[in-house]
Amino acid sequence: MRFLALLGAAVLLFLLLVPAGPGRAALSDLEKKELYAQGTEYFQEAIETGRTDPAAARDLFTKSLLRFERLAGEGEVKNGRLFYNIANIHLLLDDVGRAILNYRRAAEYIPNDTNLAKNLAYARSMRPDRIDVQEREKILQTLLFFHYDLPSQSRLVLFGAAYLAFWLFAGIRIFSRRPFTSWGLGVTLLFTLLFGLSLFAEARSAGMKREGVILAGEVTGFQGDATSYQPSFEEPLHSGTEFRLLEERGAWWQIELADGRTTWIPAGSAEMVRGKRR
């Protein structure tokens with residue numbers, strides 16, 4: 001009996017001292033620095049080794065990836081450069097889906113980075129599915145080219161310049177009624193409204209985005225939230241295909257593709273750009 005009592009006390013002490021999985025302590029600053037240093041070192045070694053030994057380089061890339069992903073996961077480090085590095089490694093490891101996912105996450109923090117934009121475009125060109133954007137979206141992108149093509153930082157600068165110019169012309173008009181003041185007021189007001197509305201629309205849509213990326217090698221889309229429904233398309237969807245989440249129903253997601261088609265996929269076959277929704 002004494003042995004059983006001691007054993008029970010030992011088990012209780014163990015349960016109290018060992019933290020539960022979800023509640024475990026976060027990584028310390030020192031651990032984060034060590035993980036980043038190790039990940040960077042493995043990445044550089046992989047680049048150098050890749051010229052002579054691709055298999056060894058792949059192993060080093062994987063080691064680097066594990067450390068960077070632990071930083072983002074356990075360390076809760078949300079940083080554009082970190083997600084950018086993770087995406088680069090996934091791309092080098094031929095995982096197009098996770099590369100696109102992490103490029104999209106990086107773009108949330110460094111939206112105006114030209115290298116990021118180029119790498120994301122390249123990763124998108126590597127995915128198997130070719131899904132055209134809706135015609136309505138193409139027309140909007142043509143008419144509102146400044147909203148889609150110019151980075152937000154550039155639009156903010158142009159908005160500020162137009163706003164200041166508007167009030168400058170307004171001040172001049174108090175003392176002069178020449179035609180150029182009316183023309184200047186009209187033009188600067190137009191650009192102030194265009195860039196202001198563009199920035200407002202971007203900020204508003206950013207909070208409403210429910211976008212994700214398929215990560216499974218291939219996944220069949222169904223017309224309902226079960227495999228008993230008919231497939232939505234003749235061909236399955238593949239890793240790297242981006243979508244907008246419409247509805248969650250248990251272990252199923254209803255998604256909308258860029259061309260406007262909708263389908264249901266298993267939630268475990270994809271991941272949201274803004275955190276996990278599984």
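The values are calculated or read from the model by the stated rules, or taken from the named source; none is laboratory data. Here the structure is a predicted model, which is why all the values come from computation and not from measurement. We place every Cβ from the backbone using ideal geometry, glycine too, and count neighbours over all the protein chains shown. With ligands, DNA and RNA removed, areas are computed over all heavy atoms of the protein, side chains included. Shrake-Rupley method; radii C 1.70, N 1.55, O 1.52, S 1.80 Å.
Annotation note: Cβ proximity below 7 Å between a residue of the stretch 243-265 that is under 16 Å from GLN230 (Cα atoms) and a residue that is part of a loop (DSSP other than H, G, I, E, B) and among the small types (Gly, Ala, Ser) (sequence gap 6+ or interchain) occurs for THR263/GLY221; THR263/SER232; TRP264/GLY221; TRP264/GLY224; ILE265/GLY221. Applying a threshold of 6 Å to beta carbon distances and a minimum spacing of six or more residues, or different chains, the list of pairs starting in the stretch 212-225 at a residue that is among the charged types (D, E, K, R) and assigned to a strand (DSSP E or B) and ending at one that is open to solvent by 10 Å² or more (accessible area, probe 1.4 Å) and at pLDDT 95 or above reads GLU218/PRO236; GLU218/HIS238.
Inside the stretch 226-262, residues that are open to solvent by 60 Å² or more (accessible area, probe 1.4 Å) and part of a loop (DSSP other than H, G, I, E, B) make up a count of 9. Within the stretch 38-77, restricting attention to residues that are of a type in the set (Ser, Thr, Tyr) and open to solvent by less than 80 Å² (accessible area, probe 1.4 Å), the residue that is modelled with the lowest pLDDT is THR49.
From ILE131, ILE86, ILE110, which residue is among the β-branched types (Val, Ile, Thr), open to solvent by less than 70 Å² (accessible area, probe 1.4 Å), without any contact (Cβ under 8 Å) to a residue 40 or more places away in the chain and outside any helix (DSSP H, G or I)? Going through ILE131, ILE86, ILE110 in turn, the sole match is ILE110.
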